[in-house]
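Heads up: the structure comes next, in structure tokens.
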There are 2 protein chains.
Amino acid sequence: MSPTSIAIVGVGKIARDQHVPALRGNAAFSLDAVASRNASLEGVAHFRDTQTLLDERPDIQAVSLCAPPQVRYRQACAAIAAGKHVMLEKPPGATLSEVEDLRAQAERAGVTLFATWHSRYAAAVAQARDWLRERHVTAVEVQWKEDVRRWHPGQEWIWEAGGLGVFDPGINALSIITAILPEAFFLTQGELAVPANRQGPIAATLAFSDRRGAAIRAEFDWRQTGPQTWDIHVETDAGPLALTQGGSCLTLGDDVVLEGGDVEYPGLYARFAELIARGESDVDVAPLRHVADAFLLGKRVEVEAFHE
Amino acid sequence: MSPTSIAIVGVGKIARDQHVPALRGNAAFSLDAVASRNASLEGVAHFRDTQTLLDERPDIQAVSLCAPPQVRYRQACAAIAAGKHVMLEKPPGATLSEVEDLRAQAERAGVTLFATWHSRYAAAVAQARDWLRERHVTAVEVQWKEDVRRWHPGQEWIWEAGGLGVFDPGINALSIITAILPEAFFLTQGELAVPANRQGPIAATLAFSDRRGAAIRAEFDWRQTGPQTWDIHVETDAGPLALTQGGSCLTLGDDVVLEGGDVEYPGLYARFAELIARGESDVDVAPLRHVADAFLLGKRVEVEAFHE
């Protein structure tokens, strides 16, 4: 089969660091164009915006949208209307409602829409999910703690309304637990710590449950200096499971059974190729829905002002 | 056909004022039991909680859950597990995620789940929807302004996290516009005015759009004394439509074409009977999703403390 001709829209850090290498390593795709206001990519056709790309390159079959969520809806609408398959960086939109509309549009147009959650493709996630499938989960403890100054230097927008605050990394943890836990769960209580000078929370403590009454807790914190923590601990009727280092390391009981490298974006594009081949879409809003639930139900507590 | 044997769970003001009279006026139902910790209903069997009701009255075929959303999930799970059809007062849950889970449970159990939005059954809503179906909507202006002291005296919980604040009435407006507008829409900008001493907003200004770029604005305000306003004005390519008085009055251009009475709850139970007869569910979370989007994307602005 000839490769799917694909374009990247939004050539920023995530596109350069992850999308371009992943695409170049996948024979199912041919990276034939980019659209970006300011940035270009050597050896690849460049267009200044999505509409120009769509107008001038009818041969492009798929687009990968890497621009921030605030502008993604219009880009996705245009691409779907032009009959392209569409892949969305996370989170898939600024609101849940716009993502529902994109899902409906893609279905009507008969194209593939893939709302990606890159952390779900971390090395050990699939094995953790498979192991948990038949287990009874009694408790879950999520620790997602990192230093915002280190990972988001100068990114003022993450603090603004719609920027999600500490849920920007936290949604990665939510994307993993919504994939691996065998039962659906929902927030029962939440506390959002919001700096006095910001809109977005710098930390969050969340308590979820499921229909069997599991105690699922998550701690997101952007104030962690020193070692960084992206760990999930699950208690089950068959003993404990630990999924650590952002989902790349799996421990069952005391045994480290898998310690993998960074395979997230290659995994995303393998999945996108599979979806296109099958004529299917994959639009799971569950992680963003949990974040919206946390903003809806969570109690906001003012904490000291944050200055970078 | 013999009437469906139904029980009400949660005998508070809304049950007495609306559900009981609507049920007694509908020959498709027989109100045979209530479950409520403190309240009972003359001439109707009383149980102290949902589980006791379900255990002792296997003949009951349907339950209508009128207790606050915080406790509704557990009640609904128990009723679905017992094979009952379930009707939920608005909003259908404290989180979007729990409602998704209830939807999945009802589907597996093969029972009807009806997440109600009573304002959608106001007298003129169906006619407004039908008239707008083939129209091109260019602008919408929602004014939902009432006096919280008059409508929610002493209800401290509506101000707490999860209580929705001014979105408690505002969600009624959202339930109407999601039903009547021909295109899906989504929030693009929002401002939530939150009293210094409260968690929930006392007012909100929301800007939505749709894929055709309509300008949809909503003003929710709980500080309105004097005349109360529950009005929706829609501009279309065929002239203006006004749906006023909470959805009971329809004006096309300058002509008042319908001015109806209060028919909301009779309409809800007629719909519930129809769903049961057809073996279908109706779980549209769109209004609650818009509220969650507003909490997610909206900018919070502190306003003066509210004291009742």
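For the reader, a short list of remarks on this structure follows.
- Applying the condition of being among the charged types (D, E, K, R) and assigned to a helix (DSSP H, G or I) to region A:261-280 and asking which residue is farthest from A:P3 (Cα to Cα) yields A:E264.
- Residues (touching a residue at least 60 places away in the same chain (Cβ under 8 Å), among the small types (G, A, S) and more than 20 Å from A:I80 (Cα to Cα)) located in region A:15-68: A:A22, A:G25, A:A28
- Single residue of A:E302, A:E280 found to be surrounded by fewer than 17 Cβ atoms within 10 Å (Cβ to Cβ), charged (D, E, K, R) and under 22 Å from the mean Cα position of the chain (by Cα): A:E280
- Any hit, region A:216-238, residues being outside any loop (DSSP other than H, G, I, E, B) and within 14 Å of chain B (Cβ to nearest Cβ): yes
- In region A:43-56 there is no residue that is among the charged types (D, E, K, R), farther than 22 Å from A:S175 by Cβ, at pLDDT below 95 and out of contact with any Gly (no Cβ under 7 Å at 6 or more places or on another chain).
- Where a residue in region B:225-249 is in contact (Cβ under 8 Å) with a residue 12 or more places away in the chain and its partner, wherever it lies, is aromatic (F, W, Y), with Cβ under 8 Å and at least six apart: B:T229/B:W144; B:W230/B:W144; B:D231/B:W144; B:L241/B:W131; B:T244/B:W230; B:Q245/B:W230; B:G246/B:W230; B:G247/B:W230
- Of note, A:L31 satisfies the criterion of being touching a helix residue (DSSP H, G or I) at 6+ places or on another chain (Cβ under 6 Å), surrounded by fewer than 24 Cβ atoms within 10 Å (Cβ to Cβ) and outside any helix (DSSP H, G or I).
- Among the residues here, A:E98 qualifies as of a type outside the set (S, T, N, Q), without any contact (Cβ under 8 Å) to a residue 40 or more places away in the chain and buried (at least 24 other Cβ atoms within 10 Å of the Cβ).
- Screening the candidates B:V234, B:V257, B:V283, B:V263 for the property of being out of contact with any strand residue (DSSP E or B) (no Cβ under 6 Å at 6 or more places or on another chain), at pLDDT 95 or above and β-branched (V, I, T) yields one hit, B:V263.
- Residue list for region A:56-93, filter: of a type in the set (A, V, I, L, M), closer than 25 Å to A:D17 by Cβ and either surrounded by fewer than 20 Cβ atoms within 10 Å (Cβ to Cβ) or more than 14 Å from chain B (Cβ to nearest Cβ) (or both): A:I60, A:A62, A:V63, A:L65, A:A67, A:V71, A:V86, A:M87, A:L88
- Any hit, region A:179-189, residues being within 25 Å of A:H307 (Cβ to Cβ), at pLDDT 95 or above, buried (at least 17 other Cβ atoms within 10 Å of the Cβ) and within 13 Å of chain B (Cβ to nearest Cβ): no
- The one condition in (1) more than 16 Å from the chain's Cα centre (by Cα); (2) closer than 27 Å to A:L297 by Cα that B:L252 fails to fulfil: (2)
- Options A:W144, A:W131, A:W117; residue that is aromatic (F, W, Y) and surrounded by fewer than 20 Cβ atoms within 10 Å (Cβ to Cβ): A:W131
The values are calculated or read from the model by the stated rules, or taken from the named source; none is laboratory data. The structure displayed is predicted, hence computed values, not measured ones. Here Cβ is always computed from backbone atoms with ideal geometry, including for glycine, and neighbour counts include all displayed protein chains.
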